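Below is one structure; the comments refer to it alone.
The values are calculated or read from the model by the stated rules, or taken from the named source; none is laboratory data. Values in this document were obtained by computation on a predicted structure and should not be read as measured data. Positions of Cβ are generated from backbone atoms using ideal geometry, with glycine treated the same way; all protein chains shown enter the neighbour counts. What goes into the accessible areas is simple: the full protein's heavy atoms, side chains included, and nothing from ligands, DNA or RNA. Shrake-Rupley method; radii C 1.70, N 1.55, O 1.52, S 1.80 Å.
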Amino acid sequence: MWAAVLATVRASRRILLPLHVRPDGDSVGSSLAVARGLRALGKTASVVSADPLPSNLRFLDPGSECLQPAAIAGDGWDLALLLDCADEGRLGAAAPLLQGVPRTVNIDHHASNSRYAGLNVVDERCAACAELALRLLDDLGCALDPGMATALFAALATDTGSFRYAATSPATLAAAARLRAAGADLDRIQSEIWEHRSLPSLRVLAIALQSLTVDAGGELAWVAVSDADLAAAGADAEATEGLVDYPRTLHGVEVAALFVHEGSGGTRISLRSRTRVDVSVLAARFGGGGHPRAAGCTVTGPPAEARDRVLAAAREALARPGGAGGQAAGDGRP
Ligand code: 5GP
Ligand code: MN
């Protein structure tokens, strides 16, 4: 399959790289780095995103080469190359662009990947899709420049919680070492990604912590914010990024949840677990997906009802020996 992917990429001249909705560091970093490598091989490569890049990742795209779907012509593409995109629903407004593209390649690390493309390479042993993106660049014969190395390192660092999560393997760390040697700018990653909070987003954190609730004998903890909270803090949805990590830090918590009540859009839910509950199975019960330790979904209907349904399912999963999927262990990868 990998050989077929390489042959397809080599044979394609005009390549479109769509990001997933609410793009994260892995999606942005992997796609920008690969696009750059493809251009170095003389190809036309465009990165397209339904949603704007989060402000803390914009430094990875200094030339503003990531485009909105409306700015992209729908025809004339030989290949759509999807990195870190678990299913077609994750493409959002970029999905219609794929309709006229004759070939699609899906390279991902989500176990829940629906294999929606013509060629699918899903390796859930990778902590980040960036590990596969690096392998792709290597096998295509692309030399890494410092910009590509920084983008890929940022992807690894964000998906692994700065190399702390259990999904971080020897291969992940070897990839990080190579990227560092190729000029990955860790100062820039530190200041742009991890020390780039806005005042409104810290205010949203304060609001979220006010809502902190602990349940299930201390094994379940959640926070919630609403559209109105965001408006009151002068923040947008980006300010909710990372909030779910706070309830997870509580000693004894196995499942942490964040509820973002989006008014007409329903409730967006982020789920995290520590060692036992497979939250991707939990999210899948509500039409979402993800990884064993990090997953998400959106539930329509009144906010309190949506929240209570997910909390009930989480309590049920906690009560079950082995966790939601009956899976004893796993390692989480956003
Ligand atoms: P987050 O909680 O950071 O939004 O998402 C955590 C992980 O869950 C993401 O990396 C992604 O893999 C997955 N995820 C979040 N929301 C959804 C969703 O609605 N559908 C699917 N399939 N996966 C999701
Ligand atoms: Mn990822």
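Some observations on this one:
- By the Cα gyration tensor, segment 51-105 has an equivalent ellipsoid whose semi-axes, rounded to whole angstrom, run 21, 14, 11 from largest to smallest.
- GNM result for the chain, Cα springs below 10 Å: residue of Ser49, Ser112, Ser264 fluctuating most strongly: Ser264
- Cα Rg, Dmax (largest Cα-Cα span) when computed across segment 271-319, Å: 10.2, 31
- Segment 1-44, accessible area per residue, ligands and nucleic acids excluded (1.4 Å, Å²): 35 Å²
- Calculated [θ] (222 nm, deg cm²/dmol) that DSSP helices of n ≥ 4 give over the chain, each run adding -39,500 (n - 2.57): -10000 deg cm²/dmol
- Compactness relative to 2.2 N^0.38 Å, alpha carbon Rg of segment 190-246: 1.21
- Restricting the calculation to alpha carbons of segment 199-323 gives Rg and Dmax of 13.5, 43 angstrom.
- Surface share of carbon and sulfur [accessible, 1.4 angstrom probe, percent] for the chain: 53 percent
- Kirkwood-based Rg to Rh ratio, the chain, C-alpha trace: 0.96
- Solvent exposure of segment 136-260 as accessible area per residue, Å², 1.4 Å probe: 45 Å²
- This model, with +1 at the C-beta of Lys and Arg and -1 at the C-beta of Asp and Glu, gives the chain a dipole about its Cα centre of some 520 debye.
- The Rg/Rh ratio for segment 2-194 is 0.93, where Rg is the radius of gyration of the alpha carbons and Rh is the Kirkwood radius.
- The figure for Ser64 is an accessible area of roughly 80 square angstrom, using a 1.4 Å probe on the protein chains alone.
- Pairwise label distance in nanometres, Ala206 with Thr300, each label 7 Å out on the Cα-Cβ vector: 3.7 nm
- Fully extending the segment from Ala181 to Ile72, taken as 0.36 nm per residue of separation minus the present Cα-Cα distance, adds 35.7 nm.
- The alpha carbon convex hull volume per residue for segment 121-168 rounds to 62 Å³.
- Zone of Leu199's modelled label, taken as backbone nitrogen in segment 222-254 under 14 Å from a point 7 Å along Cα→Cβ: 233-235
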